[in-house]
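Have a look at the structure below before the remarks.
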Amino acid sequence: MKNVNLLAIDIAKINFQLHGVDLTGNIVLRKKLTRNKLIEYISNLPSCTIAMEACGGANFWARKFTQFGHTVKLISPQFVKPFVKTNKTDRNDAEAICESASRPSMRFVNPKTIEQQDVQSLHRVRSLIMQERTALSNQIRGLLSEYGITIVQGIHNLTKCLPNILTDEETELSTLSKMIFRDLYEQILLKTKKIEEYDKLIEAVFKQNIDCQKIAQIEGVGILTATALIACIGDINIFKNGRHLSAYLGLVPKQHSSGNKQKLLGISKRGSVYVRSLLILGAKAAIRSAAKKSDRKSNWIKEIQKRRGNNIATVALANKTARTIWEILKNNSNYAVIAA
């Protein structure tokens, strides 16, 4: 068999489709392997470039193949799809990955380290528990309304009022219904305790990371945002400038331009929805506090609010925050110096 220069792998849980080409682009390999046989095959393969879609499990395989001496490139699935010929099959997908990876202008995704994945796992599990707690809260409110009982919105109000409701003899709650609500209340308390435990773990990560502490000096960037952002972007050197990072986070306008007509739409919403949401929420908090200040940044925010409204001002501030974060991390700067 000729030497493989570029090997594309359509990764899955069990069966993996391989598609390899040589230096001239001729197909020299088409093979399907199981998970165990794949590791053995790649470990014995001469060093080459391996391309995969940036999907579930890709970071693990990227680290594993790198240990074997190969160069790994991850491609966003949206950039692979245009190269799929006719019907979608594993064989066609692997060929499309190979074709897209050979394009000189193709953009690649930087593989994540184990440390990055650990922090992201902390955030994802915490977010899941919060969603479950919110679902429980909505379930309790909905069921209580059937008994003519309403509670003001907010998890704090719910945990404060529900014990009193369960001991109130004037309500229509029966013994069985009280047992149900008491069980739901205990689940709410358990979820709250778990969230607090994850908050402490995230705070411990924050205290050990200097970069997180630096960007947390920015208005609207707290512990959650700082740790989630550092875990998301990884190596700051892969971003050419601040706008590149902002575009990666989906905070710049989409374009639909043709000829001399340029049309800018809403933000692209690419990248991590979770990180972008944290930046937007932080920007909203910073805008509220800017109303009481008169420094240069606060005046800039109030001017945009006046001209374009709160929503556009919020996204503009989140965009500016992302650019500032790039400046701090890229040049190892201090926010106090930049803001001066």
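Annotation note: of Asp118, Asp93, Asp10, the sole residue that is touching a helix residue (DSSP H, G or I) at 6+ places or on another chain (Cβ under 9 Å), closer than 30 Å to Leu249 by Cα and assigned by TED's automatic domain parsing to the domain that holds Leu201 is Asp118.
Yes/no per residue for (1) polar (S, T, N, Q); (2) in a loop (DSSP other than H, G, I, E, B); (3) more than 21 Å from Pro111 (Cα to Cα):
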residue	(1), (2), (3)
Lys13	no, yes, no
Gln17	yes, no, no
Gly25	no, yes, yes
Val28	no, no, yes
Lys32	no, no, yes
Lys37	no, no, yes
Ala51	no, no, no
Gly56	no, yes, no
Trp61	no, no, no
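Among the residues making up segment 210-234, those that are of a type in the set (A, V, I, L, M) and more than 12 Å from the chain's Cα centre (by Cα) are Ile210, Ile215, Ala216, Ile218, Val221, Ile223, Leu224, Ala226. Of all residues in segment 154-181, those that are assigned by TED's automatic domain parsing to the domain that holds Ser137 and under 18 Å from Leu136 (Cα atoms) have Cβ atoms under 7 Å from Cβ atoms of residues that are surrounded by 16 or more Cβ atoms within 10 Å (Cβ to Cβ) and of a type in the set (S, T, N, Q), 6 or more apart or on another chain, in Ile155/Ser137; Leu158/Ser137. Identify the residue in segment 135-177 that is modelled with pLDDT under 90 and charged (D, E, K, R) and, among all such residues, is surrounded by the most Cβ atoms within 10 Å (Cβ to Cβ). My answer is Asp168.
Residue by residue, here is whether (1) surrounded by fewer than 18 Cβ atoms within 10 Å (Cβ to Cβ); (2) modelled with pLDDT of 95 or more; (3) under 30 Å from Phe206 (Cα atoms); (4) among the aliphatic types (A, V, I, L, M) holds:
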site	(1), (2), (3), (4)
Lys88	yes, no, no, no
Ile97	no, yes, no, yes
Ser105	yes, no, no, no
Phe108	yes, no, yes, no
Lys112	no, no, yes, no
Glu115	yes, no, yes, no
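Could you list, in sequence order, the residues of segment 227-242 that are farther than 22 Å from Lys207 by Cβ and in a helix (DSSP H, G or I)? The answer is Asn237, Ile238, Gly242.
The values are calculated or read from the model by the stated rules, or taken from the named source; none is laboratory data. As the structure is a prediction and not an experimental result, all values here were calculated from the model. Positions of Cβ are backbone-derived with ideal geometry, glycine not excepted, and every protein chain shown enters the neighbour counts.
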